[in-house]
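The values are calculated or read from the model by the stated rules, or taken from the named source; none is laboratory data. Predicted model only: the values in this text are computed from it and were never measured. Glycine also receives a Cβ, built like all others from the backbone with ideal geometry; neighbour counts cover every protein chain displayed.
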Amino acid sequence: MVEQFVFEREFLALLEQEDERIAGQVAAAGCEVCGGPLYRGDYDRKPRGAWIAVGAEESVRRFSLCCGREGCRHRATPPSLRFLGRRVYVGAVVIAASILGLLLQVSDALRKTTGVPARTVRRWLSWWQGLFLSTEVFVALRARLIDIAVEALPASIFDQLAGTAESRVRTMLFLLAPLTTGSVTDGSRFLRAA
């Protein structure tokens, strides 16, 4: 089970390309406040990949945009498949380590398997089974997928998706991407084409 959650550089590069495409769509839509042009204003991130996504440390730019119209300067950070909000670990690691955290209840085994501290995984599981339940994303997921067991999140979503483990994690990242931004209204509209 653990081997299926090892994400290579190619997978992370694919996520970065998708983030680039989404950023281009947000830029083309213009500023939501004044309609002005949006220019790149990327910023550095120091993501962690643990042992699940060793190459994640190379993806250090979070794509972001800034309005070019004088006086506005509104920032628009597009939805992302690489970063799950402000978490330090990349999104794929958050999903995979959370699923493994449900399976491996022993702290030492979890740390040895994923490279993520058990305390961090417990915090993520608390989010999945707490605050995540009140998001619009979860409400939409619950409407699309039948039999989502709250006590088994995120595994209960993962298990209902088709394909390899890598493709299911990628699909989950697309489904969760609207949670990764607060500055782009209805960020999910930029994900629908994918």
Open item on the list: I need the full set of residues from the stretch 105-138 which are among the β-branched types (Val, Ile, Thr) and either modelled with pLDDT of 95 or more or not in a loop (DSSP other than H, G, I, E, B) (or both), in order please.
Closed with: THR113, THR114, THR120, VAL121, VAL137
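Yes/no per residue for (1) of a type in the set (Asp, Glu); (2) in contact with a Pro (Cβ under 8 Å, 6 or more places away or on another chain):
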{"position": "ASP19", "(1), (2)": "yes, yes"}
{"position": "ALA53", "(1), (2)": "no, no"}
{"position": "LEU65", "(1), (2)": "no, yes"}
{"position": "ALA76", "(1), (2)": "no, no"}
- [ ] Scan the stretch 88-99 for residues that are more than 9 Å from the chain's Cα centre (by Cα) and not in a helix (DSSP H, G or I) and jot them down.
- [x] VAL88, TYR89
Open item on the list: With closer than 22 Å to GLY182 by Cβ and either of a type outside the set (A, V, I, L, M, F, W, C) or in contact with a strand residue (DSSP E or B) (Cβ under 8 Å, 6 or more places away or on another chain) (or both) as the only criterion, which of GLY115, GLY91 stands out?
Closed with: GLY91
TODO: Could you list all residues from the stretch 107-142 that are of a type in the set (Phe, Trp, Tyr) and either in contact with a helix residue (DSSP H, G or I) (Cβ under 7 Å, 6 or more places away or on another chain) or farther than 17 Å from ALA92 by Cβ (or both)?
DONE: TRP124, TRP128, PHE132, PHE138
TODO: Return the residue satisfying two criteria in turn: it lies in the stretch 22-49 and is of a type in the set (D, E, K, R) and touching a residue at least 40 places away in the same chain (Cβ under 8 Å), and of such residues it is nearest to ARG75 (Cα to Cα).
DONE: GLU32
Task: Selection count, the stretch 20-41, where residues are at pLDDT below 95 and of a type in the set (Asp, Glu) - done: 1
Task: Given (1) buried (at least 18 other Cβ atoms within 10 Å of the Cβ); (2) without any contact (Cβ under 8 Å) to a residue 12 or more places away in the chain, index of the condition PRO117 fails - done: (1)
Task: Options THR171, THR185: the member that is touching a residue at least 40 places away in the same chain (Cβ under 8 Å) and not aliphatic (A, V, I, L, M) - done: THR185
Task: From LEU161, LEU81, LEU102, residue being surrounded by 14 or more Cβ atoms within 10 Å (Cβ to Cβ) and part of a helix (DSSP H, G or I) - done: LEU102
Task: Failed item, numbered, when ALA56 is tested on (1) of a type in the set (A, V, I, L, M, F, W, C); (2) closer than 27 Å to TYR89 by Cβ; (3) surrounded by fewer than 14 Cβ atoms within 10 Å (Cβ to Cβ) - done: (3)
- [ ] Give me a count of the residues in the stretch 164-184 that are surrounded by fewer than 19 Cβ atoms within 10 Å (Cβ to Cβ), assigned to a helix (DSSP H, G or I) and among the β-branched types (Val, Ile, Thr).
- [x] 1
Task: Failed condition for VAL106, given (1) under 22 Å from PHE7 (Cβ atoms); (2) among the aliphatic types (A, V, I, L, M); (3) over 21 Å from the mean Cα position of the chain (by Cα) - done: (1)
